[in-house]
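Report on one structure; see the data block that follows.
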Amino acid sequence: MSKNQPTVLVVDDEAAIRDMIRFALEQADMSVQSAANAHEALLSITEKRPNIILMDWMMPGVSGLELTRRLRKESYTEDIPIIMLTAKVTEDDKVAGLEAGTDDYVIKPFSPRELIARIRAVLRRSSPADNRGRLVAGKLTLDTISRRVLHDGTEIRMGPTEYRLLEFFMSHAGRAYSRSQLLDHVWGANEYLEERTVDVHIRRLRKVMEPIETSHYLQTVRGHGYRFLAEE
């Protein structure tokens with residue numbers, strides 16, 4: 001199992017399809033979570049946020065389209081890429097899916113090779129990292145593969161929480177986030193922590209960044225939260 005394998009959530013009410021997709025994706029070195037309906041999908045996302053979701057359009061109860069709309073309204077799930085699995089091919093269906101927030105389609109029946117290619121393509125588009133898995137901001141380079149932070153080629157040591165916090169900020173540079181949003185994105189929706197936890201780790205991260213004169217990249221947005229902007 002690769003340390004950096006993407007996690008894929010497969011949401012489909014047919015067990016045979018879930019099993020087929022799981023086998024194919026695990027062969028392609030991807031980690032797979034599965035859910036038979038919207039309720040199970042939401043529980044799975046709460047337990048572990050996936051890198052991408054494969055969503056069946058036609059499910060009993062809450063449809064894949066409606067679940068997609070719900071996920072796009074929540075800060076914790078709004079930017080998770082979603083590929084719709086569907087037999088629907090009309091132009092109106094495609095428009096409805098795109099308006100709901102779908103990133104791509106795979107038409108049933110599909111081949112495992114096509115599905116894997118689509119997943120990799122969507123993940124490439126959704127990631128701000130370059131083709132070597134690196135995020136660059138000002139004087140900092142973050143390697144998402146080796147999980148190292150570099151300054152002029154020298155590694156900057158920091159704790160795992162500070163690393164996750166910096167990776168999130170560098171992936172979403174320029175946008176302001178509240179403390180509750182940062183708790184959701186960095187710590188996870190299943191963690192019941194106080195908002196001051198964010199302040200503690202922001203201070204720790206700034207302390208690590210002070211010697212290399214990058215602590216000002218982490219900006220306090222008064223009355224809201226924090227923003228990351230590599231200003232020189």
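The values are calculated or read from the model by the stated rules, or taken from the named source; none is laboratory data. As the structure is a computational prediction, the values presented were derived from the model and not from experiment. Every residue, glycine among them, receives a Cβ derived from its backbone with ideal geometry; neighbour counts consider all protein chains shown.
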Filtered residue count, the stretch 109-133, keeping only those that are touching a strand residue (DSSP E or B) at 6+ places or on another chain (Cβ under 7 Å), at pLDDT 85 or above and surrounded by fewer than 16 Cβ atoms within 10 Å (Cβ to Cβ):
1
Before we move on, is residue 167 under 19 Å from residue 5 (Cα atoms), crowded, with 16+ Cβ neighbours inside 10 Å and of a type in the set (D, E, K, R)?
yes
Kindly check whether there is at least one residue in the stretch 212-232 that is part of a helix (DSSP H, G or I) and touching a residue at least 60 places away in the same chain (Cβ under 8 Å).
yes
Odd one out for residue 225, checked against (1) under 21 Å from residue 135 (Cβ atoms); (2) surrounded by fewer than 18 Cβ atoms within 10 Å (Cβ to Cβ); (3) touching a Ser or Thr at 6+ places or on another chain (Cβ under 6 Å):
(2)
Of residues in the stretch 209-222 being polar (S, T, N, Q) and within 13 Å of residue 140 (Cα to Cα), the one surrounded by the most Cβ atoms within 10 Å (Cβ to Cβ)
214
When you scan the stretch 100-194 for helices (runs of 4 or more DSSP H) that lie fully inside it, which ones turn up with 1 or more residues that are in contact with a helix residue (DSSP H, G or I) (Cβ under 8 Å, 6 or more places away or on another chain) and outside the structural domain of residue 47 (by TED's automatic domain parsing)?
160-171, 179-182
Pick out the one residue from 134, 125 that is within 30 Å of residue 97 (Cα to Cα) and among the basic types (Lys, Arg).
125
